[in-house]
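The structure appears right after this line, and notes come after that.
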Amino acid sequence: MPQPEQPMTRRDARRDPATRDTTHAAGGRRRPPGGARWGILAVAALLVVGVTATVATALASGGQPDAVGDMSESAVSASADAVALPAGASAAAADSIPAPAQTSVARASCDAPAVVTALASGGDADVIAAFGGGEAFRAAVVSGAAPCVSLSDARHLWVVVDKKRPLDPVDFEPATVVAPADMQRTVDGRLVPDAANALTALVAAAAKEGAGAIGLNSAYRSFASQTRTYNGYVDSMGRDQADQQSARPGYSEHQTGLATDVAACDNGCGAIESFGGTAQGAWTAANAWRFGFIVRYEPGQTAITGYEAEAWHLRYIGPDLAKAYHDGGYHTLEEFFGLPAAPGY
C-alpha cells in the first residue's frame with residue numbers, strides 16, 4: 001500500500017536558509033593570530049567533547065540526536081493538548097468513534113487467504129467478514145477490487161435482480177426454503193432459512209415495540225409460479241402496466257427466496273397495498289435493517305428500480321450489508337453497489 005508522504009520535522013521547518021553559514025558569503029573570515037588561533041582550537045575541542053557527551057546520553061536513553069532540540073517543545077505541546085483517558089484506553093482509541101469490529105483484512109482482495117477460504121466454504125457472512133465487514137465489502141465490489149464476487153449469482157445474499165439483471169440461471173431455485181415461524185400469514189410462504197429466521201425476529205420485535213402485528217403475504221415463488229403471477233397482471237392491465245407492478249419470470253426477487261411481502265394484521269391481515277400507511281409500515285421502514293432486511297422499492301426510486309413504491313416488499317441481504325445500507329443512507333441496491341439504473345427491460 002502506498003505510504004503517506006513523510007512530513008518535514010519541526011527542526012527542518014524552522015531552519016532559515018538565510019542564516020545558514022553566511023560567513024563565506026562575505027569572502028570568509030580573516031585568519032586570527034597564532035596565539036588566538038590555539039585558544040580558539042582549545043575552546044572548540046571542549047565544545048566537541050560536550051556535544052559528544054550530550055548525543056551519547058540521548059542515544060543511550062533511546063532519543064534521536066536530530067530531534068534533541070524539539071523534544072522538550074513537543075512534550076510541552078502534548079501535555080497542554082492532552083485529554084485524560086479512561087484507565088486502560090489508548091490515545092488512538094480516544095481519537096476514533098466506536099465502530100463495529102473489523103477484521104485485520106479490512107482492505108482485503110480476492111486473493112487474500114481469508115477471502116479464498118470463506119468463498120470455498122460457501123458462507124456469505126464469512127465472505128463479508130473476510131473483506132472487513134459490510135461497508136468494506138461494498139466498497140471492494142464497487143471499486144472493482146472484488147472480481148470474485150458476482151452480483152448475478154442468485155445463491156448469495158448480495159445478488160442484485162432487476163430489469164437489466166436476470167437471475168443466473170433464469171430458472172434458479174434455492175436449495176432449501178422453510179416457513180417463518182410464529183406469525184399470521186395469508187399463504188404458506190417460505191424463505192431461505194436465514195431470511196425466515198430473520199423475519200420471525202422482525203415480526204416479534206414489531207409486536208414487542210408496540211407497532212402491531214405483521215403477517216406474511218407472499219415469499220418464495222418458483223419460475224413457474226412467477227410466470228403465472230406475471231401473466232395474470234398482463235391479462236388484467238396489459239404488458240406496459242404489468243411491468244410496473246410485477247417482475248417477469250427470471251427477473252423476480254421472490255424467485256431467490258430472499259424476498260417477502262408483508263401485511264398489517266391487527267384484526268386479520270389487510271391488503272399489502274395499505275401497509276405503507278400503517279404503524280407497522282412506518283416501523284418496518286425504520287427498523288427492517290436491524291434484522292437484515294431493506295425495503296427494496298422505496299418512494300421516488302422508480303427511475304432506478306423500474307417499480308412503483310412497495311412498502312410491503314422486503315429483501316433480505318443479511319445484517320452486515322443491511323447495516324452498511326442503512327448507515328450509508330442508500331435507497332436502492334443499484335445505488336448501493338454502483339450499478340446502472342434499471343427502469344425497463
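Criterion applied to 296, 290 was being more than 23 Å from residue 155 (Cβ to Cβ), basic (Lys, Arg), out of contact with any helix residue (DSSP H, G or I) (no Cβ under 6 Å at 6 or more places or on another chain) and not in a loop (DSSP other than H, G, I, E, B), and the one residue passing it is 290.
Taking the stretch 264-283 as the range and being hydrophobic (A, V, I, L, M, F, W, C) and either modelled with pLDDT under 95 or touching a Phe, Trp or Tyr at 6+ places or on another chain (Cβ under 6 Å) (or both) as the test, the residues that pass are 264, 272, 275.
Would you be able to say whether some residue in the stretch 291-298 is touching a residue at least 12 places away in the same chain (Cβ under 8 Å), among the hydroxyl-bearing types (Ser, Thr, Tyr) and out of contact with any Asp or Glu (no Cβ under 6 Å at 6 or more places or on another chain)? No: zero hits. Being surrounded by 14 or more Cβ atoms within 10 Å (Cβ to Cβ) and in contact (Cβ under 8 Å) with a residue 40 or more places away in the chain is the filter here; which residues of the stretch 207-232 pass it? Once the filter is applied, which keeps residues that are surrounded by 14 or more Cβ atoms within 10 Å (Cβ to Cβ) and in contact (Cβ under 8 Å) with a residue 40 or more places away in the chain, the stretch 207-232 yields 211, 212, 213, 214, 215, 216, 217, 218, 219, 220, 222, 223. Looking at the stretch 220-238, is at least one residue under 31 Å from the mean Cα position of the chain (by Cα) and among the polar types (S, T, N, Q)? Checking the stretch 220-238: not a single residue is under 31 Å from the mean Cα position of the chain (by Cα) and among the polar types (S, T, N, Q). Cβ-Cβ contacts under 7 Å between residues 6 or more apart (or on different chains), taken from a first residue in the stretch 233-246 that is within 20 Å of residue 296 (Cβ to Cβ) to a second residue that is of a type in the set (Gly, Ala, Ser), are listed as 233/242; 233/246.
Report yes if residue 262 is part of a strand (DSSP E or B) and either in contact (Cβ under 8 Å) with a residue 12 or more places away in the chain or surrounded by fewer than 21 Cβ atoms within 10 Å (Cβ to Cβ) (or both), otherwise no. Judged against the criteria, residue 262 is a match. Of all residues in the stretch 181-203, those that are in a loop (DSSP other than H, G, I, E, B) and either touching a residue at least 60 places away in the same chain (Cβ under 8 Å) or closer than 17 Å to residue 283 by Cβ (or both) total 6.
The values are calculated or read from the model by the stated rules, or taken from the named source; none is laboratory data. Computed from a predicted structure; not experimentally measured. We place every Cβ from the backbone using ideal geometry, glycine too, and count neighbours over all the protein chains shown.
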